[in-house]
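What follows is a single structure, written as structure tokens, with notes after it.
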Amino acid sequence: MSEKTAVLRLGDSHLPVVDRARIYCCGITPYDVTHLGHAATFVWVDVLTRVLGSIGVSSQLCRNVTDVDDVLFAAAERSGSAFDAFASVQQFRFDQDMSALAVREPQFAPRARRNVGQVIRLASALLRTGTAYLRDGTVYFRGAAVAERAGLDRDEAGKLAAEYGARLDNPAQDDPLDVAVWQRSRPGEPGWPSPWGTGRPGWHAECAAMSLSVLGLAVDVLSGGDDLRFPHHAYQVAMAEAVSGVRPFARTRFGVGVVRLNGAKMAKSTGNLVLVSDVLENYAPAALRLCLIDRPWSAGWDYSAGELEAATGRLERLFRAAGRRGGSAAAAQAASEAVSDALCAGLNVSAALDLAEEAGGAAARGLIATLGLGE
Ligand SMILES: [Zn+2]
């Protein structure tokens, strides 16, 4: 019997994986079109699963859809649609963009609105452990220790939470850093029946509940945009650990660096963004894919058209190298192994590309396949 054991290095973590890797990726809130910041996260996670596949490890990727959320409700109302119908249309557009970029579909794509029951069970379990409390139809999770574990002082934590819509002056909470696992729906908002009245899930609780119900009590990799580290991932992890008793919830994190435009984070909320569909009118999808991954995965970077021109040139050189003979069988084997080693050592795509360009032949063809650039 052959035993597949592989070690992938991600940041400071050496992650030995035997046969299967459970990866949770924080997915989109389907309320608008896809920009390059989203694309970078999902292309990188796709590359992670492909590199794992190249060393014999199969991924179980769960990428959720946050279709119960304030910004989605507001966008649906502006468009005069029901929130679920509106989300489905946006989701379809997102899937088209991902398909154009050769991002493979995840094995699991749970939607928040189909997992409300799981959030209710999570809230009940947190209440029983004493890590949550009930106030006027809302179940709050105690958050002071979450900020501490993230290495943030209370002011920093509060500032970051406020950026994601937390109300720090809510008198119903014992502590400003507590967050809603379950919250009472405001008039006109979608709501679901619960033991505490009509309400809806909180954002961090949705991901905690979906990851627990789809992938089990812990995951190998918790992934998403690096800007989700706090509060979102920190609270997701804390809630999951509080009910499961299994620590750490995530063996390692894969936080993809943010994409900036004109020095500021790309975001719909500020209108500071470049859309995938617009880029693909002028550039090959593989060039955009390569542009997003030919750099360190955890570092933020500034987008410019020059980056895409450079990626187009890099892609052409790689395909030309793939057409060369590539030396003796032993040399080709050594080159392919060096390329694979570079990918496993922290997903160093840029180093792998340099090696493949120089060696040419099978090493370059293998890298094109592993990075999904020939699809
Ligand atoms: Zn999430």
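Each reported figure results from applying straightforward, stated rules to the coordinates on display, with no laboratory input. Values in this document were obtained by computation on a predicted structure and should not be read as measured data. Positions of Cβ are generated from backbone atoms using ideal geometry, with glycine treated the same way; all protein chains shown enter the neighbour counts.
In table form, for the structure just shown:
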| item | result |
| --- | --- |
| Residue-count net charge about Arg320 - beta-carbon cut-off 14 Å; Lys, Arg +1, Asp, Glu -1 | +2 |
| Stretchable slack from Lys265 to Asp84, in nm (0.36 nm times residue separation minus alpha-carbon distance) | 62.4 nm |
| Lys/Arg +1, Asp/Glu -1 at C-beta; the stretch 276-370 dipole; positive extreme among Ala345, Tyr303, Leu367 | Leu367 |
| Relative contact order (%) - criterion: Cα under 8 Å, at least six apart; region: the chain | 19 |
| Per DSSP, loop chymotrypsin sites (Phe, Trp or Tyr not before Pro) in the stretch 150-225 with at most 15 further Cβ within 10 Å | Tyr164 |
| Cβ-placed point charges (K, R +1; D, E -1), dipole of the stretch 5-256 about Cα centre in debye, nearest 20 | 680 |
| Loop-resident sites, the stretch 283-356, for trypsin sites (Lys or Arg not before Pro), counting at most 10 other Cβ within 10 Å (DSSP) | Arg325 |
| Karplus-derived HN-Hα couplings along the stretch 358-375 (A = 6.51, B = -1.76, C = 1.60, θ = phi - 60°), whole Hz, x at Gly and Pro | 6, 6, x, x, 4, 4, 6, 5, x, 5, 4, 5, 4, 7, x, 9, x, 9 |
| Binned Cα-Cα distance frequencies in the stretch 223-310 - 5 Å width, integer % | 3, 12, 18, 20, 16, 10, 9, 7, 4, 1, 0 |
| Most positive-pole-ward Cα, Leu61, Thr34, Val51, against dipole of the stretch 29-81 from beta carbon charges | Val51 |
| For the chain, calculated [θ]222 nm from helices alone, where every DSSP H run of n ≥ 4 adds -39500 (n - 2.57) | -14000 deg cm²/dmol |
| Size of electric dipole in the stretch 240-349: Cβ of Lys, Arg +1 and of Asp, Glu -1, about Cα centre, debye, nearest 20 | 200 |
| Ranking of Cys25, Cys207, Cys344, Cys62 by count of other Cβ atoms within 10 Å, fewest first | Cys344, Cys62, Cys25, Cys207 |
| Leading residue at positive end of dipole, the chain (Cβ point charges), from Val279, Ala238, Ser211 | Ser211 |
| Placed amide H near Ser298: partners under 5 Å, 5+ positions off or other chain | Gly257 |
| Nonlocal amide H pairs with Gln107, under 5 Å, H built at 1.01 Å | Leu61 |
| Order of Glu357, Glu156 under a 10 Å beta carbon neighbour criterion, fewest first | Glu156, Glu357 |
| Inter-part distance where the stretch 208-232 and the stretch 52-101 are each reduced to a Cα centre, Å | 16 |
| Whole-Hz couplings from phi, Karplus 6.51/-1.76/1.60, listed for the stretch 13-30; x for Gly and Pro | 8, 9, 10, x, 10, 10, 6, 9, 10, 9, 10, 9, 10, 6, x, 8, 9, x |
| Cα-centred dipole magnitude for the stretch 135-280, charges only on beta-carbon of K, R (+1) and D, E (-1), debye, nearest 20 | 200 |
| Order by protection proxy (mean Cβ within 10 Å, highest first), peptides 363-373, 109-119 | 363-373, 109-119 |
| Proxy reagent accessibility, fewest Cβ within 10 Å first, across Val33, Val17, Val237 | Val33, Val17, Val237 |
